[in-house]
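Read the figures in this text as sums done on the coordinates, not as results from a lab. All values derive from a computational prediction rather than experimental measurement. Here the Cβ positions follow ideal geometry from the backbone for every residue, glycine too, while neighbour counts run over all protein chains shown.
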Amino acid sequence: MSHILVFFKRLDLYLLTSSLLLCAVGLLMIYSTTFGESSGFGLLARQVTFVCAGFALLLVFVTIDYRYLGRISLVLYIFGVIMLAGLLLFGFAARGSIRWFDLGPFQLQPVEYMKVALVLFLASFFQKHIVLMSRMRYVVTSLAITALPVGLTMLQPDLGSAVVLMAIWFGMLLASGVSRRTLLWLLLFFVAVGAVGWQFGLHDYQRDRVLSFLSPEADPQGTGYNALQAIIAVGSGGFFGRGFARGVVSQLEFLPERQTDFIFASLAEELGFVGAAFLFGLLVFWLYRQIKVVDRARDNYGLLVGVGIFSYFLAQAGFNIAMNIGLVPITGVPLPLISYGGSSLLVSLVAIGILQSIAARAQPVRFT
């Protein structure tokens, strides 16, 4: 028993507590946005189940040495690619996308698993070639590793998750010590790819989302509807909000996906600037504690995994909030630990468990 206590004393309790608080905020908002609906309690009960299961998985991954995950990262990566490919054949379509496997009681979204699998495998690759990352061929290889799941994700199509996968790669590439000259060449390459992708790679509705971001009022009942309703919900909250479960835009269902993609807008309408500022501050503190774990990592692999997980959460939280307030096009990514959804929540808590494994092993544990 004393051995276990010595080990768990090394956990980052601030990171653990802030993760729990974010989950609690998510549960409150899911309850609020489904208040009065016949299916509301069912959604809340499912999310509570996912939270409990997620924290159980978090504790399991704390006990697993993160370096062992590095040794099996290739297997985890290949499994993720197979799931993404299988999704195109056996997944079920919803709202024009094929993103989930229907497993009966719940749906599995493979790209959420792929985000952590990619972090673990890229960290292993960068660690093995850390002194060679000034050479372009190793940078290109790391890009190819990322491009495979990104391409499969784009075929679903799921632009938001594809952007998050690329953000993971870019954050870890920066941490690997790549040269500025290489970054400049990459910038030019992505400008060219973006131009080609805009013309040939995006679906019509994805281009419409970008155009509606630039001018949402041009089609307020069509492509600009989601963005305008989110902005209206955020703005109508004022300083103190309309009150818990009293949002007009969200409660009357003018705001789509109010428990998932637009849960931040729902919160801002009901709790106002004060509530939104509290949530934003909590997210910033949560991300800051992740940086503290990275700073304490005892080896390059732990540092790179920590940077990858931080990049994953930073990109996902940043894009979600930015699209809710009209700063970026609608990308359809959940707000970590807050939005409704089992796959995202479980994988996010597993990622926090891996960070805690890094924190617990920042120094050798000596039992006396």
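Which length gain, in nm to one decimal place, applies between LEU187 and LEU57 when the Cα-Cα distance is subtracted from 0.36 nm times their residue separation?
Working: separation 130, 0.36 × 130 = 46.80 nm, distance 3.83 nm.
The span from LEU187 to LEU57 would gain 43.0 nm if fully extended.
FRET efficiency for LEU282 and LEU174, Cβ-Cβ distance as r, R0 = 25 Å, nearest 0.05? Provide the component values of the computation, followed by the final result.
Working: r = 26 Å, r/R0 = 1.03.
Here the calculated transfer efficiency is 0.45.
The helix-based estimate of mean residue ellipticity at 222 nm for the chain, built from -39,500 (n - 2.57) per DSSP H run of four or more residues and divided by its residue count, is -23000 deg cm²/dmol to the nearest 500. Taking label points 7 Å from Cα along the Cα-to-Cβ direction, PHE41 and ARG137 give a separation of 6.5 nm.
Rg then Dmax, both in Å and based on the Cα atoms of the chain: 20.7, 70. Would you mind telling me which residue in ILE338, ILE321, ILE72 has the biggest mean-square fluctuation in a Gaussian network model of the chain, where springs connect alpha carbons within a distance under 10 angstrom? Result: ILE72 has the largest fluctuation of those listed.
Shape index of segment 4-125: Rg/Rh, with Rg the Cα radius of gyration and Rh the Kirkwood radius from the inverse mean 1/r over Cα pairs, equals 1.03.
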